[in-house]
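Taking it in order: structure first as structure tokens, then the write-up.
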Amino acid sequence: MDDLTLKWFLSSVENRYSYGFSWMGRPIIQYPQDMLGMQELVWKYRPDAIVETGVAHGGSIIYYASLLQLLGDDGWVLGVDIDIRQHNREAIEQHPMFPRIKLLQGSSIDDGIFAQVREMCRDRRRIMVVLDSNHTHAHVLRELELYSQLVKSGSYLVVMDTVVEEMPPGWFQDRPWDKGNNPKTAVFEFLRGTDRFEIDKELEARLQITVAPDGWLKCIKD
């Protein structure tokens, strides 16, 4: 991330930029640039399942569900979160896109939860994964080890908030992640141990502004 982009990004975080958007009535808490990038990947790969760790208010899983609705077929989105708050669950379940949404409460790195995810995806052939839950190195690395198993050649595993590594130390005083302990450090360790994925630098360069620098991972080998 170049200096000018980082300066703008830090200002946007201070002004809670990502909290100003919604999708079909639900807060999405994402940067529009990243969502446009995701739209390109969904249209190109045409997944029959998208798995996202981290649900929050549900805006992003509703966004992905709406993209799959436009594609037709029987694709669905699975949202996994350690705490799906009741008011958010009710809003998601009452949404017009809910027929294409599944929810699973529990830690994304719990072996039992992942076993359920794998079983739910058993008949899916084109799966995309988005990791956007706990942003510590250890948590994301374990997510990468687990959820990369679902992704086949041509698809993507997108790791959000790798930008934490670009930000000044101590920026997140009320969070356990920081420079040196975040999704990007996990991505680099993961990539050192596999030849199945590579960073899609072309997409990142076109987006210019992204919370996922070095986090757009394309699967190049089954």
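Quick notes on this one:
- Fewest-first sequence of LEU67, LEU157, LEU4, LEU10 by Cβ atoms within 10 Å of each Cβ: LEU4, LEU10, LEU67, LEU157
- Rg in Å to one decimal, and Dmax rounded to a whole Å, for segment 127-222 via C-alpha atoms: 12.8, 40
- Rough spin-label spacing in nm, given labels placed 7 Å along Cα→Cβ, for GLN94 and ILE82: 2.9 nm
- Shown is the FRET efficiency for ARG122 and ASP73, computed with R0 = 22 Å from the Cβ-Cβ distance and rounded to the nearest 0.05: 0.80.
- Computed lengthening from ALA115 to SER153, 0.36 nm per intervening residue step minus Cα-Cα distance: 11.5 nm
- Sorted by Cβ density within 10 Å, fewest first, the residues LEU41, LEU71, LEU131: LEU71, LEU41, LEU131
- Counting DSSP beta bridges with both ends in segment 3-219, the antiparallel % (nearest 5): 35 percent
- Least to most buried among THR136, THR194, THR53 (fewest other Cβ within 10 Å first): THR194, THR136, THR53
- Three semi-axes of the equivalent ellipsoid, the chain, Cα gyration tensor, whole Å, largest first: 24, 20, 18
- Between segment 125-147 and segment 173-222, the C-alpha centres lie 11 angstrom from each other.
- Relative to the Cα centre, the charge distribution of the chain, modelled as +1 at Lys and Arg Cβ and -1 at Asp and Glu Cβ, gives a dipole magnitude of about 460 debye.
- Extension reserve of the ASP222-ASP174 stretch, reckoned as 0.36 nm per residue once the Cα distance is removed: 13.4 nm
Read the figures in this text as sums done on the coordinates, not as results from a lab. All values reported here derive from a predicted model rather than from experimental measurement. Here Cβ is always computed from backbone atoms with ideal geometry, including for glycine, and neighbour counts include all displayed protein chains.
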